[in-house]
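Written below as structure tokens is the structure these notes are about.
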């Protein structure tokens, strides 16, 4: 994790998201949001670009279908 700016990419969020992604069927919508906010460096920012908000909401809505497809594999 030392290659990341820890003020922008919070290590505690990174570790939690990695842990929760190990059990995708139990992952909360907030975890997906935090994962994408981390990816885009938006943690702690007061405003998120509308395109990123749209992507987050689409992924949150579609996550159950993704999990179902993963479990079939």
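Nothing in this text is a laboratory measurement; each read-out follows from the coordinates by a stated rule. On a predicted model such as this, the values are computed, not experimentally measured, just so you know. Neighbour counts run over all protein chains shown; Cβ positions are idealised from the backbone, glycine included.
Here are some notes:
- Between 0 and 90°, nearest 10: helix 11-21 axis offset from the chain longest Cα axis: 0 degrees
- Normalised by the number of residues in the chain, the average gap of Cα pairs under 8 Å and 6 or more apart makes the relative contact order 32 percent.
- Computed across the chain, the Kirkwood hydrodynamic radius from all distinct Cα-Cα pairs reaches 13.1 Å.
- Separation of the residue 68 and residue 8 label points, Cα + 7 Å toward Cβ, nm: 3.9 nm
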